[in-house]
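Trainee: Pasting in a structure now, in structure tokens, and then I'll have a few things to ask.
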Amino acid sequence: MAPSVLGVLNVSVSAAAVQSHAACGNGVVNVPERGRVDTVTRGLLVKAEGTEKSHTYNWLLCPTGEALTEEVEVQLPQNVVAGSARISLSVLGDILGRALNNLDGLLQMPYGCGEQNMALLSPNIYILEYLRNTNQLTPAILDKATKFLTSGYQRQLNYKNADGAYSTFGQGLGNTW
């Protein structure tokens, strides 16, 4: 059996009991009227032969407030298996797109030593600026970020030396971590 199409192919197999005068072990073959035929149907997934290859192409479109059209020519490999070619298209309105969904969930309360505090304080600033510049900043997110930044800044002042430098664990040698 050789499939002629790709995808799910339904295959049915039937078995039927047949009357026989030959002995079956020590018994006589008895064929009931009902249930003498049984059929099973299963779907088989037919895949293209060879190795699947995928290519990704990216374009950055910069509309200036009006409709923009881009034509794209797709070149299929010469040795593509007939019927196996697929194309999918994904368009994102934001260059960072899905990677930054729920970005506000990354806001964190800074804590720890001076270095850890700064490592948690800085991303809050970047997240806040990104959300502001992409018009995604809500009053609730702004309030949360402002509280975290205020608290983190106050905590960072605990690591400031008299000479204006900051140290990792309080009064000590200043460093540039």
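Trainee: Kindly indicate whether any position in the range 93-102 is out of contact with any His (no Cβ under 7 Å at 6 or more places or on another chain), among the hydrophobic types (A, V, I, L, M, F, W, C) and not in a loop (DSSP other than H, G, I, E, B). Before you say what the answer is, go through the steps one by one.
Mentor: Of the residues in the range 93-102, the ones out of contact with any His (no Cβ under 7 Å at 6 or more places or on another chain) are 93-102.
Now drop any that are not among the hydrophobic types (A, V, I, L, M, F, W, C), which leaves 95-96, 99-100.
Then keep just the ones that are not in a loop (DSSP other than H, G, I, E, B); that gives 99-100.
Yes, the range 93-102 contains at least one residue that is out of contact with any His (no Cβ under 7 Å at 6 or more places or on another chain), among the hydrophobic types (A, V, I, L, M, F, W, C) and not in a loop (DSSP other than H, G, I, E, B).
Trainee: Could you please find all residues in the range 126-148 being assigned to a loop (DSSP other than H, G, I, E, B) and not hydrophobic (A, V, I, L, M, F, W, C)? Give the steps one after another, and end with the answer.
Mentor: First, pick out the residues of the range 126-148 that are assigned to a loop (DSSP other than H, G, I, E, B): 134-138.
Listed by number, the residues that qualify are THR134, ASN135, GLN136, THR138.
Trainee: Can you pull out the residues in the range 15-29 that are exposed (fewer than 10 other Cβ atoms within 10 Å of the Cβ), touching a strand residue (DSSP E or B) at 6+ places or on another chain (Cβ under 9 Å) and not in a strand (DSSP E or B)?
Mentor: HIS21
Trainee: How many residues, within the range 16-41, are at pLDDT 85 or above and aliphatic (A, V, I, L, M)? Steps first, answer last, please.
Mentor: Just the residues of the range 16-41 that are at pLDDT 85 or above, to begin with: 16, 37-41.
From what is left, the residues that are aliphatic (A, V, I, L, M) are 16, 37, 40.
Total meeting the criteria: 3.
Trainee: Given the structure, is LEU173 exposed (fewer than 11 other Cβ atoms within 10 Å of the Cβ) and not polar (S, T, N, Q)?
Mentor: In short, yes.
Trainee: Restricting attention to the range 149-172, which residues are assigned to a helix (DSSP H, G or I) and of a type in the set (Val, Ile, Thr)?
Mentor: Answer for the range 149-172, where residues must be assigned to a helix (DSSP H, G or I) and of a type in the set (Val, Ile, Thr): just THR150.
Trainee: Enumerate the pairs (first residue in the range 152-167 and more than 10 Å from MET118 (Cβ to Cβ); second residue anywhere and crowded, with 17+ Cβ neighbours inside 10 Å and of a type in the set (Ser, Thr, Tyr)) with beta-carbon separation below 7 Å, excluding pairs fewer than 6 apart on the same chain, so at least 6 apart or on different chains.
Mentor: That search, which allows pairs on different chains as well, returns LYS160/TYR166; ASN161/SER167; SER167/TYR159.
Trainee: For residues that are more than 20 Å from GLN78 (Cβ to Cβ) and of a type in the set (D, E, K, R), tally how many sit in the range 25-58.
Mentor: The qualifying residues number 6.
For every residue, the table says whether it meets (1) of a type in the set (D, E, K, R); (2) surrounded by 10 or more Cβ atoms within 10 Å (Cβ to Cβ); (3) in contact with a Leu (Cβ under 7 Å, 6 or more places away or on another chain).
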| site | (1), (2), (3) |
| --- | --- |
| VAL13 | no, no, no |
| ASP38 | yes, yes, no |
| GLU49 | yes, no, no |
| THR64 | no, no, no |
| GLN75 | no, no, no |
| VAL81 | no, yes, no |
| VAL91 | no, no, no |
| LEU103 | no, yes, yes |
| LEU106 | no, yes, no |
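The values are calculated or read from the model by the stated rules, or taken from the named source; none is laboratory data. From a predicted model like this one, the values you see are computed outputs, not experimental measurements. Backbone-built Cβ (ideal geometry, glycine too); neighbour counts: all protein chains shown.
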